[in-house]
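Here is the structure we will look at, set down as structure tokens.
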Amino acid sequence: MRNRLIYGDYVGMVPGYKDMVSRDDGILGFLTGNIWSGRSALLTTTFDRFALEYNAEKLTVALGRQRVNCGQAFVWNPNDIFNVYSFFDFDYEERPGSDALRIRYFPDYASVADLAVKLDHDNNITAAGLYRFSRWGYDIQLLAGIMGETDYVAGAGWSGSLKDIGFSGEFSYFHPQANFGDSLGVVLVNAGINYMFGNSLHLNFEAMYNGYFPEIDLAGFADLYFMPLSVKTIAFSKFSWFGQVSYPVHPLLRTSLAVMYLPSLGKGYFVMPSAEYSAGDNLDISLLGQKFSGEFGGSEEKLNMVFLRFRLSF
């Protein structure tokens, strides 16, 4: 369950903001709602997991709201057609769920055949079969299915290592369901490497190609938080580049710096420094900054935000 207390003048000033925050795209829409709202504050809650599960020796069947994770990469996941998430939403570690029927069969300890069928609040069906197995020191997956009423999907993903360097990625091909023979599809490709030094300094780099980019209509950086998420809009530049360095300066204090380069937005970029302090067994305090810069419609836009988060786990 995710509870959020949102405070700011925009809560009352932005038309439809309260309805937008409580919008739930699943068929179990009653699992999200606003508990309380005032002129400048809003308390909302979401149940991200609400499912029944049956387990046999090699078979698992689950029905309800659950996480159907098809991603292998860190920032962008072209294979994640069920419950895509935004890297910018740092306050959502558990990730969203799908209202779905999921059947998994495990032929052996290193492979799984996975079938999922999701129904959204408009009664659109997203369904896919995934087979994951291990070869040559890599976890490899093959994916095929349909996404709503718009696309047929086929893709693959991998994760492994090149000597001591982690190497993972995904690619997906989307072909329109309408006018199948007369239309062209689009490709999304992502690949990344990561490495951890002996002193726990961790480096992460990713690159993303989004063939759907010309169709993405962004009026500004605020749309990154408010527009409906889709796997085809996870990267809003034709080519996107990402780098992150993180380091525990103290056993109780971890710092990181993430940078994203977005050349299709007039050499746009995103920077997010962060520090997280463990103040107790169940209490973490985080300080984060987010800086966006880019061009929209020939005009340069900048957006700067700072977040202070107190997280109590129980």
Note on the stretch 174-217: residues in contact with a Leu (Cβ under 9 Å, 6 or more places away or on another chain) and more than 30 Å from GLY297 (Cα to Cα) are ILE193, ASN194, TYR195, MET196, PHE197
List every residue pair whose Cβ atoms lie under 6 Å apart, where the two residues are 6 or more positions apart in sequence or sit on different chains, the first residue falls within the stretch 235-254 and is of a type outside the set (S, T, N, Q), and the second residue, located anywhere, is open to solvent by 40 Å² or more (accessible area, probe 1.4 Å) and assigned to a loop (DSSP other than H, G, I, E, B). TYR247/LEU201; PRO248/SER200
Kindly check whether there is at least one residue in the stretch 201-224 that is out of contact with any helix residue (DSSP H, G or I) (no Cβ under 7 Å at 6 or more places or on another chain), among the hydroxyl-bearing types (Ser, Thr, Tyr) and either on the phi > 0 side of the Ramachandran plot or modelled with pLDDT under 95 (or both). no
Among the candidates ALA258, ALA279, residue that is of a type in the set (A, V, I, L, M) and surrounded by 15 or more Cβ atoms within 10 Å (Cβ to Cβ): ALA258
Output the number of residues of the stretch 241-265 satisfying the condition of being modelled with pLDDT under 95 and under 20 Å from the mean Cα position of the chain (by Cα). 1
Name every residue in the stretch 185-211 that is among the β-branched types (Val, Ile, Thr), under 19 Å from the mean Cα position of the chain (by Cα) and over 20 Å from ARG132 (Cβ atoms), in order of residue number. VAL187, ILE193
Quick one: which of LYS291, LYS238 is under 25 Å from VAL21 (Cβ atoms) and not hydroxyl-bearing (Ser, Thr, Tyr)? LYS291
Contacts under 6 angstrom Cβ, first residue in the stretch 17-32 being closer than 12 Å to ARG2 by Cβ, partner of a type in the set (Asp, Glu) and assigned to a loop (DSSP other than H, G, I, E, B), 6 or more apart: THR32/ASP24
May I ask you to say which residue of ASP151, ASP182 is over 18 Å from the mean Cα position of the chain (by Cα) and within 26 Å of LEU119 (Cα to Cα)? ASP151
Residue check for PHE74: assigned to a loop (DSSP other than H, G, I, E, B), modelled with pLDDT of 80 or more, within 29 Å of PHE205 (Cβ to Cβ) and open to solvent by 70 Å² or more (accessible area, probe 1.4 Å): yes
Mind checking which strands (runs of 3 or more DSSP E) fall wholly inside the stretch 100-200 and carry at least 3 residues that are crowded, with 17+ Cβ neighbours inside 10 Å and aromatic (Phe, Trp, Tyr)? 165-176
Tell me, yes or no, whether the stretch 91-103 has at least one residue that is modelled with pLDDT of 90 or more, closer than 23 Å to PHE270 by Cα and touching a Phe, Trp or Tyr at 6+ places or on another chain (Cβ under 7 Å). no
Filter pass, SER274 being touching a His at 6+ places or on another chain (Cβ under 7 Å), in contact (Cβ under 8 Å) with a residue 40 or more places away in the chain and open to solvent by less than 40 Å² (accessible area, probe 1.4 Å): no
Does the stretch 203-218 include one or more residues that are open to solvent by 50 Å² or more (accessible area, probe 1.4 Å), in contact with a Gly (Cβ under 9 Å, 6 or more places away or on another chain) and either outside any loop (DSSP other than H, G, I, E, B) or not small (Gly, Ala, Ser) (or both)? yes
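The values are calculated or read from the model by the stated rules, or taken from the named source; none is laboratory data. Quick caveat, the model's predicted, so the values are computed rather than measured. Neighbour counts are summed over all protein chains in view; Cβ atoms, including those assigned to glycine, are modelled from backbone coordinates with ideal geometry. When the accessible area is computed, the model is the full protein with side chains, heavy atoms only, and any ligands, DNA or RNA have been set aside. Shrake-Rupley method; radii C 1.70, N 1.55, O 1.52, S 1.80 Å.
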